[in-house]
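The values are calculated or read from the model by the stated rules, or taken from the named source; none is laboratory data. Since the model is a prediction, treat every value here as computed from it, not as a measurement. A quick note on method: Cβ atoms are made from the backbone with ideal geometry, for glycine too, and the neighbour counts reach across all protein chains shown.
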Amino acid sequence: MSESRIVRDPVCGMPLELDKVRFKAEFGGKVYYFCSEYCKRRFFERPKIAYFSMEIGIKSEIPTYSGGLGVLAGDTIRSSADLRIPMIAVTLVSRKGYLKQRIMEDGEQLEYPDEWDPSEYIICLPQMVEVPIEGRRVKVRAWLYEYQSVTGGVVPILFLDTDVDGNSPEDRCITDYLYGGDERYRLKQEIVLGIGGVRMLEALNIKVAKYHMNEGHSSLLTLELLRKNGMNQDEVKNLCIFTTHTPVEAAFDKFPYKLIQEVLGEDFLPLETLKKYGGQEWLNMTLLALNLSKYTNGVTKAHMEYSRKLFPGHHIMAITNGVHSYTWTSPFFRKLFDKYIPGWANEPELLVRVGVIPDDELWEAHMKAKKHLLEFVHERVEVTMDSEILTIGFARRATAYKRATLIFSDLNRLREVNRTGKIQMIFAGKAHPKDIPGKMIIKDIYKYAKMLKDEIRIVYLENYSMDMAAKLTSGVDVWLNTPLPPLEASGTSGMKAAHNGVLNFSVLDGWWVEGCIEGVTGWAIGPHPDEIVSGDERRRRELRDLYNKLEYLIIPTFYERRDKWIDMMSNAIGKVAYYFNSHRMMQRYATEAYLL
């Protein structure tokens, strides 16, 4: 068989010789090939998991994501395709993206629309549905992107769009901005996503086995399903799965019922029905999803516990998040894993065998990734960083609870640390346009960078994206994470770092509670979540760990005990990456939720 002539059956994964294939069919403008009439029929007829997410990060050129939630959704889709899980994803087209960030010399963030043209990347489908908004029948169409794995599996993604002829100018803008506008604008978006998404799947004749809501933004779909199923609560619950990502009640989407009736209309469902499932005072989108889903889960074990306290009486499980191993492993480590651990990309658990890789080759791959990152930094900000210096990375959404400036709390102490062994730091991250404290964090980092410019090289890269994240998580030596517990439900950037042998140095919150083996896979900052301590005591212990571990453990190990450092890199891959991946995550969803 000539490799260039081989295609794979998207249902069973069977390799087929293209010029000998008897069974084929077109879907969404693409031709698929099958080994049998049975697989061809199954491709169209088997019920699918409908995965709803307000944001999906499938590639940097399609800026329909703002951070971890959307990137996780992208990894969910990639692993589902690899594992040939029958899934179809539903999101919004977000034509003007989240935001394009520009940072001025003083650190002030300016925002611009991150516009993209769907027609350059995806196919417009002819089907049209309508949703009720403020008494109008707003038209919704869908754009189709098909993510296909090398295993043959394919996951279609529907990008819902209200920029349609016949809609009013106001309605045509509903799907413009991700997380833009006011409360009314957000509610309109969630009507399009939840109600419009269910109706679009029906218009496309997609048979749905389960509706999986990735966070509460899409939970209005439960109301549409109630209407379709004769108000039978049990029927709807058996169809729905809900994953919550938020550990604090204040962050849940809530809408006043007066607004609900104005925008959705009083005739959609009786007010008493809305209050029965969504709460008495507000329509709480998380509570609505919890009340109408058979399977609900948090995204780490710690997050499950917090969620159970917030919603007593609800049976909330835990499926710890993961990342798509192949996507987030640098080309240098891919090549290394291919050589010593064949099959790792579709069986990431094989990374537990990382011990077979010679230390010198592991270090060489890391240094290639590091130099690749530092060249990128030089291109972006014209700052030359030294590949021999311990490099610390911190890149995530710029918001107060992430505490990006914690490391600058005591500049004299930081200077002492730097005298023990040189460090350099790379920051990145966008602040929401309305998040004033988040914007101030960026300005503060610029201020500290100027104050320390003669001692510690510090850069802030603007316009953080998935492509930049891949370079950062693979190219630094230490991945720093300092959220205020318990606000980090999971976090996934540290998992990406571990896939590249980068060591985590993090507060014990989210996934790191499960992933940290002190001094083996990385280092912890501050007390364990089980310890009851005051806020002041927590901060004191965090700062003590942050500076002391840098000075007495991390820096000496990096500069003086390279063999120990490489051993820890190996542990990060073999004890963290082998487990914290989205293949394991999706296998859990399949067995515990999708096959119920």
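Could you say whether any residue in the range 407-429 is among the acidic types (D, E), at negative phi and out of contact with any helix residue (DSSP H, G or I) (no Cβ under 8 Å at 6 or more places or on another chain)?
Going through the range 407-429, the residues among the acidic types (D, E) turn out to be 410, 416.
Next, from what is left, pick out any that are at negative phi: 410, 416.
Then drop every residue that is not out of contact with any helix residue (DSSP H, G or I) (no Cβ under 8 Å at 6 or more places or on another chain), which leaves none.
Checked against the condition, which is being among the acidic types (D, E), at negative phi and out of contact with any helix residue (DSSP H, G or I) (no Cβ under 8 Å at 6 or more places or on another chain), the range 407-429 yields no hits at all.
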Residue count for the range 41-59, restricted to those that are surrounded by 13 or more Cβ atoms within 10 Å (Cβ to Cβ) and more than 21 Å from I123 (Cβ to Cβ): 4
Count of residues meeting criterion [closer than 21 Å to I319 by Cβ and assigned to a loop (DSSP other than H, G, I, E, B)] in the range 511-520: 2
Answer yes or no as to whether A524 is over 30 Å from D338 (Cα atoms) and either under 20 Å from the mean Cα position of the chain (by Cα) or assigned by TED's automatic domain parsing to the domain that holds L362 (or both). yes
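For the range 485-510, give me each residue that is among the polar types (S, T, N, Q) and not in a loop (DSSP other than H, G, I, E, B). Walk me through it before giving the result.
Taking the range 485-510 and keeping what is among the polar types (S, T, N, Q), we get 490, 492-493, 500, 504, 506.
Residues satisfying the conditions are S493, N504, S506.
Each row is one residue, and each column tells you yes or no for (1) in contact with a Ser or Thr (Cβ under 6 Å, 6 or more places away or on another chain); (2) modelled with pLDDT under 95; (3) small (G, A, S).
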{"position": "E266", "(1), (2), (3)": "no, yes, no"}
{"position": "G278", "(1), (2), (3)": "no, no, yes"}
{"position": "Y295", "(1), (2), (3)": "no, no, no"}
{"position": "L310", "(1), (2), (3)": "no, yes, no"}
{"position": "A318", "(1), (2), (3)": "no, no, yes"}
{"position": "N321", "(1), (2), (3)": "yes, no, no"}
{"position": "H324", "(1), (2), (3)": "yes, no, no"}
{"position": "W328", "(1), (2), (3)": "no, no, no"}
When the range 533-548 is checked residue by residue, the ones that are over 13 Å from P485 (Cα atoms) and touching a residue at least 12 places away in the same chain (Cβ under 8 Å) are R541, L543, D545, L546, Y547
From the set of residues in the range 560-596 that are hydroxyl-bearing (S, T, Y) and outside any helix (DSSP H, G or I), which is nearest to the chain's Cα centre (by Cα)? Y579
Report every pair of residues separated by at least 6 positions or lying on different chains whose Cβ atoms are under 8 Å apart, first residue within the range 267-280 and surrounded by 11 or more Cβ atoms within 10 Å (Cβ to Cβ), second assigned to a loop (DSSP other than H, G, I, E, B). T273/M231; Y277/L292
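Among the residues of the range 295-306, is any more than 26 Å from G57 (Cα to Cα) and of a type in the set (D, E)?
Of the residues in the range 295-306, the ones more than 26 Å from G57 (Cα to Cα) are 305-306.
Of the ones still in play, those that are also of a type in the set (D, E) are 305.
Yes, some residue in the range 295-306 is more than 26 Å from G57 (Cα to Cα) and of a type in the set (D, E).
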So, of the residues in the range 212-259 that are within 13 Å of V198 (Cβ to Cβ) and polar (S, T, N, Q), which turns out to be surrounded by the fewest Cβ atoms within 10 Å (Cβ to Cβ)? N229
Condition met for M367 (touching a His at 6+ places or on another chain (Cβ under 8 Å), modelled with pLDDT of 95 or more and either over 30 Å from F333 (Cα atoms) or in the same structural domain as N463 (by TED's automatic domain parsing) (or both)): no
Out of (1) in a helix (DSSP H, G or I); (2) without any contact (Cβ under 8 Å) to a residue 24 or more places away in the chain; (3) small (G, A, S), the odd one out for A524 is which? (1)
Can you give me the number of residues within the range 281-303 that are over 14 Å from L220 (Cα atoms), buried (at least 21 other Cβ atoms within 10 Å of the Cβ) and either touching a residue at least 60 places away in the same chain (Cβ under 8 Å) or out of contact with any helix residue (DSSP H, G or I) (no Cβ under 9 Å at 6 or more places or on another chain) (or both)? 7
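So that you can scan it fast, the table gives a plain yes or no per residue for (1) assigned to a helix (DSSP H, G or I); (2) out of contact with any helix residue (DSSP H, G or I) (no Cβ under 6 Å at 6 or more places or on another chain); (3) surrounded by 15 or more Cβ atoms within 10 Å (Cβ to Cβ):
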residue	(1), (2), (3)
E305	yes, yes, yes
P312	no, yes, no
P342	no, yes, no
A345	no, no, yes
A365	yes, no, yes
K370	yes, no, yes
L373	yes, no, yes
E379	yes, yes, no
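Matching residues to (1) surrounded by 14 or more Cβ atoms within 10 Å (Cβ to Cβ); (2) closer than 30 Å to D435 by Cα:
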residue	(1), (2)
D106	no, yes
S119	no, no
V131	yes, no
G152	yes, no
F159	yes, yes
T162	yes, yes
Answer yes if at least one residue in the range 335-343 is of a type in the set (A, V, I, L, M) and within 24 Å of D563 (Cβ to Cβ), and no otherwise. yes
Candidates V140, V129, V154, V164 - the one that is in the same structural domain as V263 (by TED's automatic domain parsing), more than 30 Å from E262 (Cα to Cα) and among the hydrophobic types (A, V, I, L, M, F, W, C): V154
Looking at (1) surrounded by fewer than 24 Cβ atoms within 10 Å (Cβ to Cβ); (2) closer than 19 Å to S493 by Cβ; (3) not hydrophobic (A, V, I, L, M, F, W, C), which is the only condition T329 fails? (1)
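Residues checked against (1) of a type outside the set (A, V, I, L, M); (2) under 25 Å from Y211 (Cα atoms); (3) under 29 Å from the mean Cα position of the chain (by Cα); (4) at pLDDT 90 or above:
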{"position": "S4", "(1), (2), (3), (4)": "yes, no, no, no"}
{"position": "R8", "(1), (2), (3), (4)": "yes, no, yes, yes"}
{"position": "C12", "(1), (2), (3), (4)": "yes, yes, yes, yes"}
{"position": "D19", "(1), (2), (3), (4)": "yes, no, no, no"}
{"position": "Y33", "(1), (2), (3), (4)": "yes, no, no, yes"}
{"position": "F43", "(1), (2), (3), (4)": "yes, yes, yes, yes"}
{"position": "I49", "(1), (2), (3), (4)": "no, yes, yes, yes"}
{"position": "M54", "(1), (2), (3), (4)": "no, yes, yes, yes"}
{"position": "S60", "(1), (2), (3), (4)": "yes, no, yes, yes"}
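Determine if the range 485-501 includes at least one residue that is assigned by TED's automatic domain parsing to the domain that holds R419, under 30 Å from V354 (Cα atoms) and among the charged types (D, E, K, R). Don't jump to the end; show me each part of the working.
So the first thing to find is which residues in the range 485-501 are assigned by TED's automatic domain parsing to the domain that holds R419, and the list is 485-501.
Restricting the remaining residues to those that are under 30 Å from V354 (Cα atoms) gives 488-501.
Okay, now just the ones that are also among the charged types (D, E, K, R), so 488, 496.
Yes.
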